[in-house]
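Notes follow the structure.
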Amino acid sequence: MLIREMPTRECRALIARERLARLGCSRDNQPYIVPIYYIFAESQFFSFSMAGQKIDYMRTNPNVCLEIERFHQNRRWKSVIISGTFTELTQKAERQQAWEILKVYNDWWEQGGFEAISNTEHMQQAPIYFTISINEMTGREATPQ
Ligand SMILES: Cc1cc2nc3c(=O)[nH]c(=O)nc-3n(C[C@H](O)[C@H](O)[C@H](O)COP(=O)(O)OP(=O)(O)OC[C@H]3O[C@@H](n4cnc5c(N)ncnc54)[C@H](O)[C@@H]3O)c2cc1C
């Protein structure tokens, strides 16, 4: 297997095409990873969530990590890792803008995680919109030898 570094333009092409990321955050020396959907727009990641552990963690420590990948046949894969900064969107205009970006895929949360918590107090709360901006980004591609 050959592994090569992906240039930035290839990393950006991958994250623009994909929708699913692993989000890593940490608090009090304890890492936490959850799958989330996102849209990459205006050079940052847009996503949203209900209140819960990942939001608590990111509010305490906005330094986060994203991992996005694409598998192909024959052990081919591409993977991008981003170190980024969480920003919660609290103003009406920016929340509206985030919704306009995210609503294109407006049924994803039902399958992802919101259904599982639909009977809890989470659903009584307004959705939390947030962005993750990119501080560092690396990509690697594996191909069979
Ligand atoms: C394909 C996919 C896409 C998703 N997209 C989104 C999205 O765009 N936005 C979004 O908010 N959520 C999404 N989810 C759900 C997300 O992964 C979390 O389950 C959910 O957001 C709750 O996270 P929380 O930290 O608020 O957990 P809380 O409700 O606060 O619960 C914390 C507890 O639940 C456990 N837990 C939480 N999530 C999971 C999980 N996925 N698997 C196993 N244990 C878990 C934790 O370990 C912890 O013990 C998606 C899930 C999948 C599988």
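Could you please give the count of residues in region 43-54 that are at pLDDT 95 or above and closer than 17 Å to T85 by Cβ? Residues in region 43-54 being at pLDDT 95 or above and closer than 17 Å to T85 by Cβ: 6 in total. Take the residues of region 16-44 that are more than 23 Å from N74 (Cβ to Cβ) and either among the acidic types (D, E) or part of a helix (DSSP H, G or I) (or both): which is least open to solvent (accessible area, probe 1.4 Å)? Filtering region 16-44 for residues that are more than 23 Å from N74 (Cβ to Cβ) and either among the acidic types (D, E) or part of a helix (DSSP H, G or I) (or both), the one least open to solvent (accessible area, probe 1.4 Å) comes out as A16. Residue pairs whose Cβ atoms lie under 7 Å apart, sitting 6 or more positions apart in sequence or on different chains, and linking a residue in region 48-75 that is without any contact (Cβ under 8 Å) to a residue 40 or more places away in the chain to a partner that is within 12 Å of the ligand (Cβ to nearest atom) and of a type in the set (A, V, I, L, M), are K54/L23; K54/V34. The residues listed here are E69, E136, E141; of these, the one that is loosely packed, with under 11 Cβ neighbours inside 10 Å and at pLDDT 95 or above is E136. Residues in region 1-10 include none that are in a helix (DSSP H, G or I) and farther than 23 Å from M137 by Cβ.
The values are calculated or read from the model by the stated rules, or taken from the named source; none is laboratory data. Every value quoted in this text rests on a predicted model; they were computed, and no experiment measured them. Counting neighbours? That spans all protein chains shown, and the Cβs are built from the backbone with ideal geometry, glycine included. For accessibility, only protein heavy atoms count, side chains too; no ligands or nucleic acids. Shrake-Rupley method; radii C 1.70, N 1.55, O 1.52, S 1.80 Å.
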